[in-house]
Amino acid sequence: MSDECYNVLFLCSANSARSIIAEVILNRIGQGRFKACSAGSAPRGEVHPMTLQVLKAQGYDTSALRSKSWDEFSAPDAPQMDFVFTVCDTIAGETCPVWPGQPLTAHWGVADPVKAEGGERRRLDAFSLTLNQLLDRLRLFTSLPLATLDRLAVQHEIDRIGQMPAAVEA
């Protein structure tokens with residue numbers, strides 16, 4: 001792989017929490033080496049309010065976020081992706097569109113914070129846990145020496161990152 005700006009797409013069924021969180025994190029920590037986007041197979045149509053709350057509390061810019069369909073990224077005029085990551089188990093089992101350019105793909109399943117039960121504090125904690133787990137994975141991803149690895153080695157590494165144990169709820 002070359003040392004360039006890599007396009008990364010994060011997929012989740014509703015595109016309201018996990019994929020949005022991953023997009024925002026990578027756009028910040030990728031320091032211009034990565035351009036992240038997110039989408040869903042059945043987008044909710046809005047970003048979950050607790051997603052926005054947790055991201056804002058950590059100083060992330062949420063002004064341009066929106067829930068969108070993966071159709072935007074499979075169209076002929078869509079930007080060519082270098083990486084496509086599924087972050088929910090539901091979408092990992094779906095038939096995804098054919099992505100132009102044959103991007104590397106991996107499944108980085110994370111528990112859905114939207115499904116967390118309990119009071120507001122407990123639910124916000126679930127969103128924070130999701131953010132921290134994705135941040136850990138994305139730090140590893142951004143530290144990969146992509147310019148010096150071949151496609152097979154990169155595929156091995158992104159699969160390994162996706163197999164990291166889930167964060168444990170406190």
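All of the numbers you see were taken from the coordinates with simple rules; none came from a lab. Owing to the predicted nature of the structure, the values given are computational and were not obtained by experimental measurement. Cβ atoms come from the backbone with ideal geometry, glycine included; neighbour counts cover every protein chain shown.
For Q58, no residue 5 or more places off, or on another chain, has a built amide H under 5 Å of its own. As a rough guide to protection, the peptides 124-130, 42-48 ranked by mean Cβ packing within 10 Å, highest first, stand as 124-130, 42-48. Calculated on the alpha-carbon coordinates, the convex hull of the chain measures out at 112 cubic angstrom per residue. The label-point distance for R66 and A147, in a model that sets each label 7 Å from Cα toward Cβ, rounds to 3.5 nm.
Answer rounded, prolate or oblate for the range 94-152, using the Cα gyration tensor with square roots of eigenvalues a ≥ b ≥ c: rounded when a/c is under 1.5, else prolate when a/b is larger than b/c, else oblate. It is oblate, given that a/c is not under 1.5 and a/b is not larger than b/c. Filter the chain for me: DSSP H helices, axial length by Cα at least 20 angstrom, mean Kyte-Doolittle hydropathy not below -1.0. List them by residue number. Span-like helices, by this rule, are 120-143. Residue-normalised convex hull volume from the C-alpha trace of the range 69-170: 120 Å³ per residue. The peptide list 69-75, 23-29, put in order of mean Cβ contacts within 10 Å with the highest first, becomes 23-29, 69-75.
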